[in-house]
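**Student:** Structure provided below as structure tokens; questions to follow.
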Amino acid sequence: MKKVLQAIIFIIIYTLAPVIFASDMPFGKLVEKQSRGEKIYKNKFVTTLVVNAVYRNMEFREGYVHEYAKAYQLTKTEEDAMLAKEKAQDENELSFYLFAYTEEDKWNNFDKANPAWKIYLKDDKSNRLEPISVKKFTLEPSLHFIYFPMVSQWMKGYEVSFPKNIDVANAKSLTIILTGFLGNTELIWEVK
């Protein structure tokens, strides 16, 4: 009887597994899973850069759309349209939210023509990309405090997009490189 019950439970779980979506994971957990952070210090005591980045892969995008639709009570049609837009963007580019604090405000200029920091993305095969866009944005206060607790009020937010010229499906890792005269650091995501 016990083996029959175990077999039935296995069949139920196996049958229902495909209907469990990424968006079923709490959004805060998705943010935590996709976030990386680093700091650069000058003279071991002065913080030159604090950076946090969130990889906006499709799992994250689905979770974001689901959470946004829940919070703002979107209709199914509105949620589907928002998800379709995210899928289209994901097919063409790799996207990250980057949040940065710098010792001097003038160094927090990732979206400018000649920024204090260069940003690159590379895979485990050393293919390196430059961003196709870096756009400054401000988080909604509720999203800031509830879903992005690693972001302080002194940080600026950017959406950084790279062309999808890297074979993400076969990459073992993706690395954002931040480099300049003030220092350098890397943020690494294991994707396999």
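The values are calculated or read from the model by the stated rules, or taken from the named source; none is laboratory data. All figures in this text were calculated on a predicted structure; none of them were measured in a lab. Here the Cβ is made from the backbone with ideal geometry for all residues, glycine too, and neighbour counts use every protein chain on show.
**Student:** Take the residues of segment 160-192 that are closer than 23 Å to residue 102 by Cα, in contact with a Leu (Cβ under 8 Å, 6 or more places away or on another chain) and of a type in the set (S, T, N, Q): which is surrounded by the most Cβ atoms within 10 Å (Cβ to Cβ)?
**Tutor:** Applying the filter and picking the extreme gives 161.
**Student:** Can you tell me which residue within segment 28-48, out of those that are surrounded by fewer than 15 Cβ atoms within 10 Å (Cβ to Cβ) and among the polar types (S, T, N, Q), is nearest to residue 84 (Cα to Cα)?
**Tutor:** Filtering first and then ranking leaves 47.
**Student:** While we're looking at this one, here's another question. For segment 122-139, state whether one or more residues are among the β-branched types (Val, Ile, Thr) and modelled with pLDDT under 95.
**Tutor:** There is at least one residue in segment 122-139 that is among the β-branched types (Val, Ile, Thr) and modelled with pLDDT under 95.
**Student:** Of 93, 78, which residue is closer than 23 Å to residue 178 by Cβ and of a type in the set (D, E, K, R)?
**Tutor:** Every option except 93 fails the conditions.
**Student:** Then there is this: Given the criteria among the β-branched types (Val, Ile, Thr), in a strand (DSSP E or B) and in contact with a Phe, Trp or Tyr (Cβ under 8 Å, 6 or more places away or on another chain), does residue 185 qualify?
**Tutor:** no
**Student:** With the condition being without any contact (Cβ under 8 Å) to a residue 60 or more places away in the chain, within 15 Å of the chain's Cα centre (by Cα) and buried (at least 20 other Cβ atoms within 10 Å of the Cβ), I'd like the helices (runs of 4 or more DSSP H) fully within segment 49-159 carrying at least 2 qualifying residues.
**Tutor:** The qualifying helices (runs of 4 or more DSSP H) are 58-71.
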